[in-house]
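Comments concern the structure below.
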Amino acid sequence: MGHSNNTTQGVKHSSVLLFIIITNALVFVGLRLISATLNLGIYSEFEHDILHQVELPASYQMVLTKPWTLVTYMFCQFDPSHLILNMLMLCLSGYYFTMAFGSFRFLLLYILGGVAGASAFIGYSTYFSGISSAEYLTGSSAAVFSIMTAVTILLPNKKVYISILGDIKLKWIIIGVIAVDLYLSATGENIDGHIAHLGGVSMGILYGCITKLFRPSKRSRQAESIKSINSSAMNPDMILNKIKLRGYASLTAEEREQIFEISNRMK
């Protein structure tokens, strides 16, 4: 019964992650279809007008006229390799994040990371306009990097099995990806995009540190769990009231075991 509950909970949390991945994939297909269709006709100039409705402008004045682009840009990829790499890393880090902290926090951090990346991109383009060359930004990389960084801080010893390497800690995979990204930014390849990535990394660090600071320690959580079990064991009436109000399915494994023991004594 406990295994069934864990599976249901896992599917519930993973559904939000799956929704984000599917949304990115559908937007990619949509943008590709728009591009292919318009390039075949006389409306090729109109293609950029459509894309500019979802891309993030480098100018904050333009962002004020299209505030929705702060969110829409983080679901847009036009390059297949860009989409595949982002979704692979999101699937890997997002799965462990949602299992540990839930779907709401995952979605919240995804959005916050994307907005942080947008802010870094706009700030860089504004204050370093002589160096910056990008006029628009697309891609979920900043949002994905925020999830990856938070997972590295909060679940540093979580192991992932890779057929070639065997069991490897998740943090080394993520640190390696971030290190490569930093190297690419130092070499000047798409520096505007990498600045956005750093914005996502910064949000992941901030979120991870704050969560770690206010999250109860493992020892205190174990003590609270034991206290809860003991409390239930000492109060069978409370368990019966819970069944009356919420049904038998709402009971924890410990509470069900307690009811089972009481029924055995009465036989």
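The values are calculated or read from the model by the stated rules, or taken from the named source; none is laboratory data. As the structure is a prediction and not an experimental result, all values here were calculated from the model. Methodologically, a virtual Cβ is constructed for each residue, glycine included, from the backbone with ideal geometry; neighbour enumeration extends over all protein chains shown. Only protein heavy atoms, including side chains, enter the accessible area calculation; ligands, DNA and RNA are left aside. Shrake-Rupley method; radii C 1.70, N 1.55, O 1.52, S 1.80 Å.
Roughly speaking, what is the stretch gain from Asp167 to Ile22, that is 0.36 nm per residue apart minus the C-alpha to C-alpha distance, in nm to one decimal? Display every interim value, and only then the final one.
Numbers: separation 145, 0.36 × 145 = 52.20 nm, distance 2.83 nm.
That pair, Asp167 and Ile22, stretches by 49.4 nm at full extension.
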What distance in nm separates the two pseudo spin-label positions at Leu213 and Thr126, each 7 Å out from Cα along the beta-carbon direction? 2.6
Heavy atoms of Thr149: accessible area, 1.4 Å probe, square angstrom to 10: 10
Obtain the nm distance between the two label points defined at Gln61 and Asp49 by a simple spin-label model: each point lies 7 Å from its Cα along the Cα-to-C-beta direction. 2.2
Heavy-atom accessible area per residue of segment 51-196, all protein chains kept, 1.4 Å probe, expressed in Å², is 47
1/(1 + (r/R0)^6) with r = Cβ-Cβ of Ile175 and Lys244, R0 = 45 Å, i.e. FRET efficiency to nearest 0.05, evaluates to 0.30
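Suppose R0 equals 35 Å; then what is the FRET efficiency for Val29 and Arg256 from their Cβ-Cβ distance, rounded to the nearest 0.05? Kindly include the intermediate steps, with their values, before the conclusion.
Details: r = 47 Å, r/R0 = 1.33.
The calculated FRET efficiency here is 0.15.
Given a Förster distance of 25 Å, report the FRET efficiency between Ala36 and Thr72 from their Cβ-Cβ distance, rounded to the nearest 0.05. Provide the component values of the computation, followed by the final result.
Values: r = 20 Å, r/R0 = 0.82.
E(calc), rounded to 0.05, equals 0.75.
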